[in-house]
Amino acid sequence: MKSIVIHSEAKRELDKAMEYYEKQKRGLGLDLLSEIEQVLEKIKINPNLGKSYTIKSLRYCVIRRFPYLIFYTELEAFIWVVAIAHGKRRPNYWQKRNLE
């Protein structure tokens, strides 16, 4: 099983989202984190879990309870999480990131 490596910008996205939800309701930010961690574990077990995306060998998974998507690719040594992006805001803004 390959490890998961998260792009620094994706980490910042998650931190901001958690902060936002925590302000809405105490504990909701941690609920988001828990949902993300569950999906990442599933991806780790089965990297082909996500749907294919239009660029390179990217895949994505939808977070059920929150409007977020995890974009990732499987590399030789690890699974690279490129973005943890809101599904409705600023679509594809993250595509200019170094994807390798």
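The values are calculated or read from the model by the stated rules, or taken from the named source; none is laboratory data. Every value quoted in this text rests on a predicted model; they were computed, and no experiment measured them. Please note: Cβ atoms are built from the backbone with ideal geometry, for glycine as well, and neighbour counts cover all protein chains shown. In case anyone asks, the SASA skips ligands and DNA or RNA and just uses the protein heavy atoms, side chains included. Shrake-Rupley method; radii C 1.70, N 1.55, O 1.52, S 1.80 Å.
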_Six or more apart or on different chains, Cβ atoms under 9 Å: show the pairs whose first residue is in the range 33-61 and farther than 19 Å from LYS11 by Cβ and open to solvent by 80 Å² or more (accessible area, probe 1.4 Å) and whose second is of a type outside the set (S, T, N, Q) and part of a helix (DSSP H, G or I)._
LEU49/VAL39; LEU49/LYS42; LEU49/ILE43
*From the set of residues in the range 1-51 that are among the charged types (D, E, K, R) and in a loop (DSSP other than H, G, I, E, B), which is farthest from HIS86 (Cα to Cα)?*
LYS2
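Restricting to the range 21-53, give me the number of residues that are among the β-branched types (Val, Ile, Thr) and more than 16 Å from ILE63 (Cα to Cα).
So the answer is 1.
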_farther than 20 Å from MET1 by Cβ, open to solvent by 30 Å² or more (accessible area, probe 1.4 Å) and at pLDDT below 95: is that true of LYS23 in this structure?_
no
*Regarding LYS96, is this residue modelled with pLDDT under 95 and either exposed (fewer than 12 other Cβ atoms within 10 Å of the Cβ) or in contact with a helix residue (DSSP H, G or I) (Cβ under 7 Å, 6 or more places away or on another chain) (or both)?*
yes
_Can you say whether ARG64 is surrounded by 16 or more Cβ atoms within 10 Å (Cβ to Cβ), of a type in the set (Lys, Arg) and at pLDDT below 95, as far as the supplied structure shows?_
no
